[in-house]
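Asker: Following this message is one structure expressed as structure tokens.
The values are calculated or read from the model by the stated rules, or taken from the named source; none is laboratory data. The structure presented is a predicted model; accordingly, all values stated were derived computationally and were not measured. Reconstructed Cβ throughout: ideal geometry from the backbone, glycine too, with neighbour counts over all protein chains shown.
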Amino acid sequence: MPNNNVIIGIVGEIASGKGTAAEYLKEKYAGTIFKFSTVMRDVLNRLYLPQTRENLQAISLALRQTFGQDLFAKTMARDAAASTSEVTIIDGIRRPSDISELAKLPSFHLITIAADEKIRYERVKQRNENPNDAEKTWEQFQKEAQADTEVTIRTIAPLAEYTIENNGDRAALYQAIDAVIAKIQNLPA
């Protein structure tokens, strides 16, 4: 049974700041984060396979082809509906099917986090989240940005209720997030 918490879905390209935004929402608003990638990372761990971007994309494709394109959307919607937090964050929305079930939930709001491509490339190298990210070339980064899982983000982003430009520092990102939350909660910013 869905509760009345605020559910924030976050969409954005590689290294746009989705994770930073999610962590800030978790800390400031005592939120709970659910990530689409968690299920895939769990499967890769269980199979003793490295958590490379390629493996994450492959396992996502295989699971969706086998169990339906909305498999992860249904999982995230159930997790969000069961959450007891006042703010629930869904990180890593990438496809239209990802929001199909989430959009049915009361208090669901989609936010796009956007950043310049060069800034995102530098962030990928600095954060080194996946194996070999620190050594990634500009050409490799651009190739990864053309993967199916990344291209579909560009069709979802315009559907967002709010867009936050994240080309500045964390303080600017946090201020923009607070302004969006104030709007969602009908509070003065």
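Asker: May I ask you to list the residues in region 55-74 that are assigned to a helix (DSSP H, G or I), farther than 25 Å from VAL124 by Cβ and among the small types (Gly, Ala, Ser)?
Answerer: The one that is assigned to a helix (DSSP H, G or I), farther than 25 Å from VAL124 by Cβ and among the small types (Gly, Ala, Ser): ALA73.
Asker: Those residues that are assigned to a helix (DSSP H, G or I) and more than 22 Å from ILE156 (Cα to Cα), I need them from region 1-54; list them, please.
Answerer: Selection gives TYR24, LYS26, GLU27, LYS28, TYR29, ARG41, ASP42, VAL43, LEU44, ASN45, ARG46.
Asker: Among the residues of region 55-96, what is the count of those that are surrounded by 22 or more Cβ atoms within 10 Å (Cβ to Cβ) and among the aromatic types (Phe, Trp, Tyr)?
Answerer: 1
Residues are listed down the side, and each one gets a yes or a no for (1) within 16 Å of LEU159 (Cβ to Cβ); (2) aliphatic (A, V, I, L, M):
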position: GLN65; (1), (2): no, no
position: LYS74; (1), (2): no, no
position: ALA81; (1), (2): no, yes
position: GLU86; (1), (2): no, no
position: ASP98; (1), (2): yes, no
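Asker: Select from region 25-54 the residues that are in contact (Cβ under 8 Å) with a residue 12 or more places away in the chain and loosely packed, with under 14 Cβ neighbours inside 10 Å and write down the one among them that is farthest from VAL180 (Cα to Cα).
Answerer: Filtering first and then ranking leaves PRO50.
Asker: Something else now. Within region 159-183, how many residues are touching a His at 6+ places or on another chain (Cβ under 6 Å) and closer than 12 Å to ALA115 by Cβ?
Answerer: 0
Asker: Name the single residue that is modelled with the highest pLDDT among those in region 158-177 being surrounded by 14 or more Cβ atoms within 10 Å (Cβ to Cβ) and of a type in the set (Gly, Ala, Ser).
Answerer: The selected residue is ALA176.
Asker: Out of the residues in region 83-124 meeting the condition of being in contact (Cβ under 8 Å) with a residue 12 or more places away in the chain and among the small types (Gly, Ala, Ser), tell me which one is nearest to ASP169 (Cα to Cα).
Answerer: So the residue we want is ALA115.
Asker: How do the pairs read when you match residues in region 132-157 that are closer than 10 Å to GLU13 by Cβ and modelled with pLDDT of 90 or more with residues anywhere that are buried (at least 17 other Cβ atoms within 10 Å of the Cβ) and of a type in the set (Lys, Arg), using Cβ under 9 Å and keeping only pairs 6 or more apart or on different chains?
Answerer: ILE153/ARG94; ILE153/ARG95
Asker: Also, I was wondering about something else. What is the residue count in region 64-113 for residues that are of a type in the set (D, E, K, R) and closer than 23 Å to THR20 by Cβ?
Answerer: Number satisfying all stated conditions: 6.
Asker: Here's something else I'd like to know. Pick from region 103-115 the residues that are in a loop (DSSP other than H, G, I, E, B) and more than 17 Å from the chain's Cα centre (by Cα): which of them is surrounded by the fewest Cβ atoms within 10 Å (Cβ to Cβ)?
Answerer: Out of the qualifying residues, it is PRO106.
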